[in-house]
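The structure appears below as C-alpha cells.
The values are calculated or read from the model by the stated rules, or taken from the named source; none is laboratory data. As the structure is a prediction and not an experimental result, all values here were calculated from the model. Glycine also receives a Cβ, built like all others from the backbone with ideal geometry; neighbour counts cover every protein chain displayed.
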C-alpha cells in the first residue's frame, strides 16, 4: 500500500508512522520522504455514463 503523509515536521511524520504500525500490526514501513514538493491537478469524471 502506498500513501502520503504531510505533517509539520519530520518528527511528526515519524510519530504518525509509529501510530500506523501499532494500530495495524505492521512490523515494517518504508519511509520515502519527498525530495521536492509539487502538485498536479487531476480531475476525474465519476458520473455514470447513463446520466
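Worth pointing out:
- Pairs with Cβ under 9 Å, 6+ apart, first in the stretch 31-48 and modelled with pLDDT of 85 or more, second in a loop (DSSP other than H, G, I, E, B) and surrounded by 10 or more Cβ atoms within 10 Å (Cβ to Cβ): 31/5
- The stretch 15-38 - residue that is loosely packed, with under 10 Cβ neighbours inside 10 Å and under 14 Å from the mean Cα position of the chain (by Cα) and, of those, farthest from residue 3 (Cα to Cα): 37
- Filter result for the condition that a residue is modelled with pLDDT of 90 or more, part of a loop (DSSP other than H, G, I, E, B) and out of contact with any helix residue (DSSP H, G or I) (no Cβ under 9 Å at 6 or more places or on another chain), over 8, 15: 8
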